[in-house]
Structures are given as C-alpha cells and as structure tokens.
1. Checking a compactness column here: for the stretch 221-271, what do you get for Rg(Cα) / (2.2 N^0.38 Å), N being the number of residues?
2. For PHE190 and MET46 in one chain, what is 0.36 nm times their gap in residues minus the Cα-Cα distance, to one decimal in nm?
3. With a 10 Å radius around each residue's Cβ, average the other Cβ atoms per peptide and rank 163-172, 37-46, highest first.
4. Using per-residue counts of other Cβ atoms within 10 Å, averaged over each peptide, order 222-231, 60-69 from highest down.
5. Using 0.36 nm per residue, how much length does the chain from LEU265 to ILE30 gain when fully extended, once their Cα-Cα distance is taken away?
6. So how far apart, in nm, are the two label points at ASN147 and PHE230 if each is 7 Å from Cα heading toward Cβ?
7. Sort 14-21, 250-257 by packing, meaning the average of other beta carbons within 10 Å per residue, with the highest value first.
8. Using label points projected 7 Å from each Cα along Cα→Cβ, tell me how many nm separate SER113 and VAL125, to one decimal.
Amino acid sequence: MMTRLKLGFVLFLLGMVGAVAVVPYAFTTIGVASMHLPYSLQTLMMVQIAFSAVILMFCITLGMFFAGRVGLDSVFLASAFNGELSSLYKMSGPTQEGLPRFRFIPTVALASSLGISCAVLCLVVDILVFGTSLKLALGWDMIASLNDRALAVLYSAFDEEILLRLFLLSAVAWLFKVAERRKDPGLSGFGATMAVLITAALSSIIPMLFLEVTVGMSMLEVARALLINFGAGVVYGWMYWQRGLVASMVTHGVAELMLAVGFPLILGSVITGS
C-alpha cells in the first residue's frame, strides 16, 4: 500500500510540474492577455492548475487500478521505493525477476533514440507527404517563444503520458482483458496491440475535434495532424507496453523537445548560416 501511495504521489507531482510549466505556452498561444475577461490572469491560471490537479488525481488513481490488473507498469518508479512489484502489479512483461533486462540507463537510451527517430520521421512526413514548408513545420511562425515551448515539453512528457497511457491505454487494455475472459495475469498480444492503436487514435481525433470547432482546419490540415499524432501515439504506447511509463515519458518528451526546440535551433542556425 505504501508503494502505491508513494508512486501515486510522485506521478501527481510530475503532473503538477507539467501543468504549471505549460501555462505560459497555453496562454500565449490562445492570446489570453488580449482577451477581455472578467477575471485576472492570476485567477485564470490558478483555476487551470486546480482543474489539472483534479484531473490528475482522477486519472492516476484509476490508471494505477487498471494498470495493476493488466501488467502495465511504472517499473523504475516503483523499484525506486523498493516496492514489491508483484504486489503492486500483476506483471506480464518485466517482472521483478526480469527487471535487470530493463535496467534504467539502457531503457532511457532506447527511449531517447526512439524519441529522436519519431521526431525526425514526423518532420519528414510533414514536409514530403503533406508539402508543409520548412518554416511552418519547424514552428517559426508560432507566437510562443522557444523558452515557453521548452517548458510545455514537460506537460507532454508527464501529463499526456499519465492521461493517455497510464489511464486511457490501461483502461482500454483492461476492457479487452475482460472481454477475452483472460484469467492469466497480463495482456494477450491482441489486447495490448488494440489498446495501443485505439489510444493512439483517440488521442489524435479528440484534439482535432476541439481545434475544428475553435479555430477551423482544412481537410489537409486535419489529415496531417491525425496521421502524425497517430503514428507518434503508437510509438509512445508501444514503449509503455514494453518498457513502462517512465520509458514512454522519455520517448514522448525527447520527441517533443526535438520538434519544439531542437530542430528549430539546429536547422535555423544552419539555414541562417548558409
């Protein structure tokens, strides 16, 4: 029980770091300062952070419940507290005895490599398949500064992985396990694969519906966003399934960091220098 509480508390703290860090980017992007609101920016910020705290508590609590029943896990966070993984999770992947196979540094190296590869592939697909200009693909016309975008990466790595992988993917995986009437601990390959794909699809479609209503998007822009977000979601989901939540956080964080900050700085300096 103590391991569960410690793990949940650490995940909540990470989520709150991301929720606070994304505020400058979010407010700048939607132009909150130019809006005529009945509340001050400080009040609006506190409301957003409080709302994020409620959502995080809900998703972490249920996410750990579902994850513990399908063998999806936060191996390294749990082991950091010397927790008995067998009592915290009914593992189908990296069991406590198999944990040395997934030691921290090699896993982080794999996750970082996948994150960089995912970012490169997203950029290439964006430019070659959808004909997006390099300037637009790199976000040079964005209002938010590179500093704000760098802080927003924390939200992508922590909050989105808690919401989409720990909670949503685990919940979908649990539904498949129930539907399959599977008695053994963990997931079947079919159930895990479907959970990864469905979560990636939902995480692509739902934001598009919001953007379509608020700002409007062309069919090409919708297709571009859906394909890129779906592909990235599959990669993050696969890492969560195979290596745990920390690995998916690292993969997502590195990919977002490269797309939001790394590529604009590197390619911008090269183009400017040439």
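No lab work stands behind these numbers, since they all come straight from the coordinates. Source: prediction; values computed, not measured. A quick note on method: Cβ atoms are made from the backbone with ideal geometry, for glycine too, and the neighbour counts reach across all protein chains shown.
1. Values: Rg = 13.2 Å, N = 51, 2.2 N^0.38 = 9.8 Å.
Normalised by 2.2 N^0.38 Å, the Cα Rg of the stretch 221-271 equals 1.35.
2. Working: separation 144, 0.36 × 144 = 51.84 nm, distance 4.25 nm.
Going from the current span to full extension adds 47.6 nm.
3. Sorting 163-172, 37-46 by mean packing, highest first, produces 163-172, 37-46.
4. The most tightly packed comes first, giving 60-69, 222-231.
5. 82.3 nm
6. Once both label points are built, they end up 3.9 nm from each other.
7. Details: 14-21: 20.2, 250-257: 25.0.
Most protected by this proxy first, the peptides run 250-257, 14-21.
8. 2.1
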